[in-house]
Amino acid sequence: MNFIESCGICDGRLDSVLAVHTIPDRFEAYLGISAENYSRCWRVCVSCGSASNIMDPANAARLAQLADGYYEVDFANSNVGEKFATVMALPESKSDNALRVKRITERLDVWRQALGRPRSIATVLDVGAGTGVFLAKLLQSEMGTIAGWKATAIEPDSVAAAHLIGLGRFEVIQGVFDETLEVRGYDLITMNKVLEHLPRPGELLSSVAQALNPSGGIVYVEVPDVQTIGRRPPSDNILGSLHHHLYSARGLATIIEDAGLHLLDFGRTVEPSGKITIFGFACADVTFGNYAGNGVS
């Protein structure tokens, strides 16, 4: 086993084991990781309450090579385009992405007014865009349509990036988001189920903070909840080998604040798919404008 003793979110000490996996998941099986004497576990951080995925270091090294190309496994019997069409066609009540867009646009209205920039978003950056369903639905929303938002998608997986380019709905950058990318001044930056894929997620969030419009720009972050453990089957992808962390609310707040951002709002939700999710909104500037609405004091 990999004897990591500190949390990659807050550097706190890892303590008790919350769950143990004794069968390789589909990504590990794809890589030929043997089921003989296999073990992987989730350990809780005593400081932030998040959980870290602990595994054999040799397995971790092999999985790291797959991390930016896992659609090769995910869509082994189909393709990204088919997945995109299927998910886009889901009714709102059954679509994680449709309700995600609703959550973002409703709260965005409140916070943009509070920050003195009501409905003035022009540019959106989605980090880890995947199949592009979320960004497509965001641009189709009433708020996005009225304002004529211009969007950019960043996606490291070559298969997914090619699909996104083929959609022709937004600019696409294939690659990993870091400080070397010349992207700056975005009014809204979104990261949906991205940070759990990184051993040190605070580094990405710090880079994202630098790409935000410093005057009223907002970041939306969404991560899997540590409460998933014990409430979803061991085979659930959220508990899989490619995820480094499952977050507590304190853990998400910690990396947001450590990145130099100011936490505006956060919450917990159960998505139509059954995923238990924690989300947060943050900004670089907390100087509020004149706002007389409810919910902000």
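The values are calculated or read from the model by the stated rules, or taken from the named source; none is laboratory data. These numbers come from a predicted model, not from an experiment. Here the Cβ positions follow ideal geometry from the backbone for every residue, glycine too, while neighbour counts run over all protein chains shown.
Taken over the range 177-199, the residue count meeting the criterion of being touching a helix residue (DSSP H, G or I) at 6+ places or on another chain (Cβ under 8 Å), under 20 Å from G144 (Cβ atoms) and not hydrophobic (A, V, I, L, M, F, W, C) is 4. Considered as a group, the residues in the range 170-184 that are among the β-branched types (V, I, T) and part of a loop (DSSP other than H, G, I, E, B) include one that is farthest from the chain's Cα centre (by Cα), and that residue is T180.
For the range 164-173, the criterion of being more than 16 Å from G49 (Cα to Cα), in the same structural domain as R112 (by TED's automatic domain parsing) and in contact (Cβ under 8 Å) with a residue 60 or more places away in the chain is satisfied by at least one residue.
The single condition among (1) more than 15 Å from L108 (Cα to Cα); (2) touching a Ser or Thr at 6+ places or on another chain (Cβ under 7 Å) that V133 does not meet is (2). None of S95, S50 is at pLDDT 95 or above and within 26 Å of I9 (Cα to Cα) except S50. Screening the range 142-163 for residues that are closer than 17 Å to I189 by Cβ and part of a helix (DSSP H, G or I) and picking the one that is farthest from the chain's Cα centre (by Cα) gives A147.
On the stretch given as the range 175-198, residues that are surrounded by 15 or more Cβ atoms within 10 Å (Cβ to Cβ), closer than 19 Å to L242 by Cβ and not aromatic (F, W, Y) total 9. Once the range 98-141 is narrowed to residues that are in a helix (DSSP H, G or I) and among the small types (G, A, S), the residue that is farthest from L212 (Cα to Cα) is A98. Here G267, G274, G260 are screened, and the one residue that is in the same structural domain as L195 (by TED's automatic domain parsing), of a type outside the set (D, E) and not in a loop (DSSP other than H, G, I, E, B) is G267. Determine, yes or no, whether D178 is of a type in the set (D, E, K, R) and within 23 Å of V101 (Cβ to Cβ). No, not satisfied. Anything in the range 198-230 that is over 22 Å from C48 (Cα atoms) and assigned to a loop (DSSP other than H, G, I, E, B)? List them, or say none. Selection gives N213, P214, S215, G216, G217.
The listed residues are S206, S248, and the only one of them that is out of contact with any Leu (no Cβ under 7 Å at 6 or more places or on another chain), surrounded by fewer than 21 Cβ atoms within 10 Å (Cβ to Cβ), among the hydroxyl-bearing types (S, T, Y) and under 17 Å from C10 (Cβ atoms) turns out to be S206.
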